[in-house]
């Protein structure tokens, strides 16, 4: 089985951009929501009641379920709570399946090609298989303005999204063998309203790792006239965000259509390392 887990919090509405791209290709989808509506910083958030009605209307195949638990623990660091919630969600999703954790603002274009790749490697779901994590690459959106979107260049920020036996150690990073795959995920990330950006940087797992207000002001000052001046500007990791590209689009849907024409056009390649592992599994050789 292929199961997807979403962490649902203050930016829950973005999930309606994400779900249509993955819904028909997976077996189950689980939404994890803090039962007390608390962020990892302990701040309150609200979810409109019509959200649940919209999900019900969307979920024609009855794939979506809700997992509510206490994910905020007073006195714990936000990043530790991030990791803890992902562990709890993975446990809730069960065993002997592919587990894919997608954030609400992540959009998987040509998702069928990733699913084909997972099916080719179904031997990794055997009890004897080692833990393996597949790492796609983010195409991160940094800001939306009236005429379009700024996109972070180059695309080389990888993240752990798919695991056979996830044992999360730091957010989505998990123990086991990490394998990079030639698959890109659109990350709306910073392309939000002013108010949403403040909420994000004050509540996400890295909120204690950098000067929030300095970064917010730099984001706010960005425009079509000065974006070429933004060089190596990641607030934590040097060399990760080198520059910005501007793509004209009236909204996120138009942008996704444009990116769909140039993203994930080729099948996801199976690495030589996995081919060797598959052969071992056929002959029942220990890894």
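One table, with the values for the structure above:
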{"read-out": "Scope the stretch 243-266; condition in a loop (DSSP other than H, G, I, E, B) and surrounded by 15 or more Cβ atoms within 10 Å (Cβ to Cβ); matching residues", "value": "249, 263, 264"}
{"read-out": "Residue 220 vs. criteria touching a helix residue (DSSP H, G or I) at 6+ places or on another chain (Cβ under 7 Å) and touching a residue at least 24 places away in the same chain (Cβ under 8 Å)", "value": "yes"}
{"read-out": "Hits in the stretch 155-167 (condition: under 14 Å from the mean Cα position of the chain (by Cα) and either closer than 17 Å to residue 6 by Cα or assigned to a loop (DSSP other than H, G, I, E, B) (or both))", "value": "159, 160, 161, 162, 163"}
{"read-out": "Strands (runs of 3 or more DSSP E) contained entirely in the stretch 1-102, each with at least 3 residues that are without any contact (Cβ under 8 Å) to a residue 60 or more places away in the chain and touching a strand residue (DSSP E or B) at 6+ places or on another chain (Cβ under 6 Å)", "value": "28-34, 64-69"}
{"read-out": "Residue match in the stretch 232-242 (condition: within 30 Å of residue 20 (Cα to Cα), touching a strand residue (DSSP E or B) at 6+ places or on another chain (Cβ under 6 Å), in contact (Cβ under 8 Å) with a residue 60 or more places away in the chain and surrounded by 16 or more Cβ atoms within 10 Å (Cβ to Cβ))", "value": "yes"}
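Per-residue answers, yes or no, for (1) under 27 Å from residue 251 (Cβ atoms); (2) buried (at least 21 other Cβ atoms within 10 Å of the Cβ); (3) over 20 Å from the mean Cα position of the chain (by Cα):
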position: 20; (1), (2), (3): yes, no, no
position: 50; (1), (2), (3): yes, no, yes
position: 60; (1), (2), (3): yes, no, yes
position: 68; (1), (2), (3): no, no, no
position: 86; (1), (2), (3): no, yes, no
position: 96; (1), (2), (3): no, no, yes
position: 114; (1), (2), (3): yes, yes, no
position: 117; (1), (2), (3): no, no, no
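Throughout, read-outs are computed from the coordinates displayed, never taken from laboratory work. Note that this is a predicted model, so its numbers are computed, not measured. Positions of Cβ are generated from backbone atoms using ideal geometry, with glycine treated the same way; all protein chains shown enter the neighbour counts.
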